[in-house]
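Have a look at the structure below, then the notes.
The values are calculated or read from the model by the stated rules, or taken from the named source; none is laboratory data. If you're wondering where the values come from, they're calculated on a predicted model, not measured in any experiment. A quick note on method: Cβ atoms are made from the backbone with ideal geometry, for glycine too, and the neighbour counts reach across all protein chains shown. We work out accessible area using only protein heavy atoms, side chains counted, and drop any ligands, DNA or RNA first. Shrake-Rupley method; radii C 1.70, N 1.55, O 1.52, S 1.80 Å.
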Amino acid sequence: MSLSAEPIVSINEVTKDYHLGKVVVPALRGVTLQVHPGEFISIAGPSGSGKTTLLNLIGCVDTATSGVVRVAGKDTKQLSERKLTDLRLHTIGFIFQSFNLVSVLSVFQNVEFPLLLQKKLNASQRRERVMALLEQVGLANHAKHRPNELSGGQRQRVAVARALVTQPQIVLADEPTANLDSVTGQQIIDLMKAMNRERGTTFIFSTHDAKVMTHANAVVRLADGKVLDRVTPAEAGVALAAGGH
Amino acid sequence: MITLKLLLQVAFRNLFKSWVNLIIGGVIFFATFLVVTGGALLDSIDSSMSRSIIGSIAGHLQVYSDKSKEELALFGAMGGETDIAALDSFAPIKAALEKHPNVQTVVPMGTSGALITSGNTVDLTLARLRALYRKNTAEGETAERRGQIDSLKQHVRQLAELLQSELATRRELIREDQVDPADAAALERARSEAFWADFDKDPLGSLEFLENQLAPQVADGDLLYIRYVGTDLASFQKTFDRMQIVDGEAVPPGKRGMLLSKFFYEEFLKLKSARRMDLIKEARDMNKKTIALDPLLQRYVKETSTQTREIVFQLDPIKTKQATARLQDILKSQETDLSRLLSSFLTVNDENFDLRYKQFYEQLVPLLDLYRIKLGDKLTITAFSRTGYVQSVSVPIYGTYQFSGLEKSPLAGAVNLMDLVSFRELYGYLTEEAKAEIAQLKQKSGAAEVKREDAEEALFGEESSPTLVAEATPGLINDDEQVSANTAALRSEDMLKRVYSQKELEDGMVLSAAIILKDPEELNATLAELARTQELKDLKLRVVSWQQAVGIIGQFVLMMKMVLWGVIVILFVVVLAIINNAVMMATLQRVREVGTMRAIGAQRSFILSMILLETVVLGLAFGGLGAGAGSALISWLGNVGIPAGTEELYFFFSGPRLLPTLGANNLITAFALVVGVSLFSTLYPAFLATRVSPVTAMQTDE
Ligand SMILES: Nc1ncnc2c1ncn2[C@@H]1O[C@H](COP(=O)(O)OP(=O)(O)OP(=O)(O)O)[C@@H](O)[C@H]1O
Ligand SMILES: [Mg+2]
């Protein structure tokens, strides 16, 4: 894959403080990061290092305390609540650690949901798109099932399909494998990787798991709210192993 | 459109997700059910009651004098009759009203009330005796008449004996000195052989003694309050087609006379034992009650079996013997005391009631006067006229009538009908012409007697003198007056024979007039138009709808509606609170779901519609069920009917059964209310839901 010059996500000197009463908790303390289209990037770091916070800023569900976050060329600080929501709807797909499917809707309806919000496709187009994706994630014959009739891995595959159904430029996944056993987790990562390869969708996912990182083109390592370095998975594995000793 | 489909899908699926929804649903169901059934029932009562009122005496509209101090209350007010000013003449009112295209008929009316005595047994017997003696003097004695006289005398003697035995019982109960010694002495004399031996020496003197000394001691004559509506009877009967003659006949056109309400006649003028037997029969036959289980029927039996006096008093010695023999035969008893026989005969139970009822009517009633006033009799009504005189008028009773459907209603049954002439006379109203006539008479007769004007002066002057009041007889009835032929025609006997022309009827005073409309739908419009008419203003008339015209009863349904709406409002406040809480809880439970939707790209408005729509769907679903159940109940009731449990309800149900119908407005109100309230109570939780941050979706800790 070729990396174009223009980054799809560009983060510059971003800080994020949380306020717990009068105590200020600095979650990010000056993060700078560029992500280019088609990248498959893993964000690694110990618990509390700021992975989720960083993904929230990229995903436009939260805003930075200072610094600039540009997603798909737009400065998220300048956008209204409505515009941010639209940006999420059209540009970003989400995969959550605990799947977050709508329990009263069927597998098909869950995947169809973002398309309905987009109001771009008609019923048959939607059907085609949803079924194709379900086919790809191997759940075509579970379309009518409710989420609670599925295993954890199956649910996360539905979530992957839902994240991709709008053909977003970026898919964000915060610890997508944390609630799954390692084999199932591996299958999800494989699925994501395949999508990345076939569609060129940019993936940014956080993880604790060194094995999961190995699939990434690059690992951005966070510690204490700062970017330690940006390395290859191999280096990351060594560093992690070293850190572990 | 697409989103609406999705929203509906989410809403429907969520409906059965939570048991809280079932509770909300239950409350909504109940509330809608109540609004639909309560509303429909009250509307039906409203319309049936209006039929009762309009169809009995009120008509659609009533007009009465604007000078009246109080408001018209055709069915009476709390404190008796209200103070309504008289209208001099009906004719111009009728003419003025009939000009309106929607006015069909105008019926003259006047409502009033008076006391009547239904006569006690001694009085009646003595009156008969007196008549016979008079005939004897006039035509000479016949053997037949002698027989009758002896029988009646025996009856009086027997009454004295009965009175004595009663007195004896009374003495045991109360202290002797409370019995008036004069009464005791009079009774002693009436029982003595000597008195009866000498009776024929001075029959009239003896009778007078009995009338003055004995009769007052027998207190079986009731003083009754009778309400009557004076009206043009022919026009009334034509206009109020629910009215039907039950017994007797209609008062011939232009004649004076009364029609008693069948209910009144049965309730107050029938032999009480017979009335109670009728009521027991009716309760058993119609309402499937039993004497064994129903305390009211037990009371009737007890009263009937203990209060045998009214029967015993009525029977002269011959009839007493007959009754005794018949009862002995029926009861296979050797008992000779009629009171005891009656008592055990009338102690009925569920087994023997039907037979006893039959025997009562076949064996006993033919010996008795079943009603204290018989059709064809003249009823003497004593009223206080407007000017304060005590006015007495005798009116022949032609028959009894009822309003179909309202046979059992005491309210409708309280209305007795009287001709206008008698009504005016009792009312004591003098038109200008009548006053002029009196003045003329006064001149002619040289003012020998005390005339009305003088009487009035004396009456309303310093001290009123009772003698003057007694002599002053308004309405020109004075038997002792020797006046011109024209006035003589007005003497009371002649007056009864006289046929009054329609003009005479309409040219006189009335208190109000009932208006029947061609198109009752236009009632309010016509009311407003009539109120604006200059001609009616000149006549100083007040126009009111039937609701206002009937007094407090017209407000009844309004009051019931207020109560119902009070309950509904309270219920909906509860519903509101419950829905609010429940939706709040549900929303809190769904924070992650809402956050996820927001993260995925749902706008706040989507979340708002989603939560609101859910409640609306809930409201519509359960409200629909409630409305359905309510409609089903009403239509079932509409077929079966709700029986009027008590007699009072007959009036409100306009018959023995209420057949409720469901109006579209009831359903619409119910739906609007339910949807409105559920939407309103969800607004705040829905608003809170829109504030859920999409970040929530990312948070893993639960
Ligand atoms: N809503 C919040 N309010 C206050 N502090 C917060 C909030 N969210 C995160 N933090 C704090 O910010 C810091 C970064 O948290 P973040 O969740 O980004 O770390 P993480 O790398 O995702 O950790 P984990 O691996 O446990 O998920 C932590 O110290 C955390 O306590
Ligand atoms: Mg995290």
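The table that follows gives values for the structure above.
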item	result
Chain B, helix-only ellipticity at 222 nm - DSSP H runs n ≥ 4, -39,500 (n - 2.57), divided by all residues, nearest 500	-17500 deg cm²/dmol
Rg and Dmax [Cα atoms of segment B:1-115; Å; Rg one decimal, Dmax integer]	27.2, 80
B:Thr308 long-range amide H proximity, modeled H, under 5 Å	none
Structure-based [θ]222 nm, chain A - -39500 (n - 2.57) summed over DSSP H runs of at least 4, per residue, nearest 500	-11500 deg cm²/dmol
Nearest-ten-degree value, helix B:295-306 long axis tilted from longest Cα axis of chain B	10 degrees
Residue-wise HN-Hα coupling along segment B:411-416, computed from phi with Karplus coefficients 6.51, -1.76, 1.60 (Hz; x: Gly, Pro)	5, 5, x, 7, 9, 9
Size of the B/A contact, given as accessible area buried on both chains, probe 1.4 Å, in Å²	2700 Å²
Carbon plus sulfur fraction of accessible area for segment B:121-220, probe 1.4 Å, in percent	50 percent
Rg/Rg_ref, chain A, where Rg_ref = 2.2 N^0.38 Å and atoms are Cα	1.00
Contact order normalised by residue count of chain B, Cα under 8 Å, 6+ apart, percent	30 percent
Ranking by accessible area, most exposed first, for B:Trp19, B:Trp636, B:Trp546, B:Trp565 with a 1.4 Å probe	B:Trp19, B:Trp636, B:Trp565, B:Trp546
A:His145 accessible area, 1.4 Å probe, all protein chains in place, Å² to nearest 10	60 Å²
Gyration tensor over alpha-carbon atoms, segment B:121-220, equivalent ellipsoid semi-axes in Å	28, 12, 11
Net charge contributed by nearby residues that have their C-beta within less than 11 Å of B:Tyr650 (K/R +1, D/E -1)	-1
Of every Cα-Cα pair in segment A:131-212, the percent that sits beyond 15 Å	55 percent
Per-residue ³J(HN,Hα) for segment B:188-198, Karplus 6.51 cos²θ - 1.76 cosθ + 1.60, θ = phi - 60°, Hz, x for Gly and Pro	4, 5, 5, 8, 6, 4, 4, 4, 6, 5, 8
Net charge dipole size for chain B [Lys, Arg +1 and Asp, Glu -1 on Cβ; Debye, nearest 20]	3120 debye
Neighbourhood net charge (14 Å Cβ-Cβ; Lys/Arg +1, Asp/Glu -1) for B:Asn21	+2
If the convex hull is drawn through the Cα atoms of segment B:285-370, its volume per residue in Å³	97 Å³
Where only alpha carbons of chain B are counted, the Rg and the Dmax (Å)	35.7, 125
Kirkwood-based shape ratio for segment B:560-660, expressed as Rg/Rh from alpha carbons	1.24
Charge dipole magnitude, Cβ of K and R +1, D and E -1 - the protein assembly as shown, Cα centre, debye nearest 20	5660 debye
Per residue accessible area in Å² of the protein assembly as shown, where ligands, DNA and RNA are left out and the probe is 1.4 Å	46 Å²
Cut-off under 5 Å, modelled amide H: who pairs with B:Leu541 long-range	B:Asp66
Where the Cα pairs of the protein assembly as shown fall when distances are cut into 10 Å bins, in %	2, 9, 13, 13, 11, 9, 7, 6, 7, 7, 6, 5, 3, 1, 0, 0
Interface residues, segment B:670-702 - accessible area loss of 10 Å² or more versus chain alone, probe 1.4 Å	B:Pro694, B:Val695, B:Ala697, B:Met698, B:Thr700
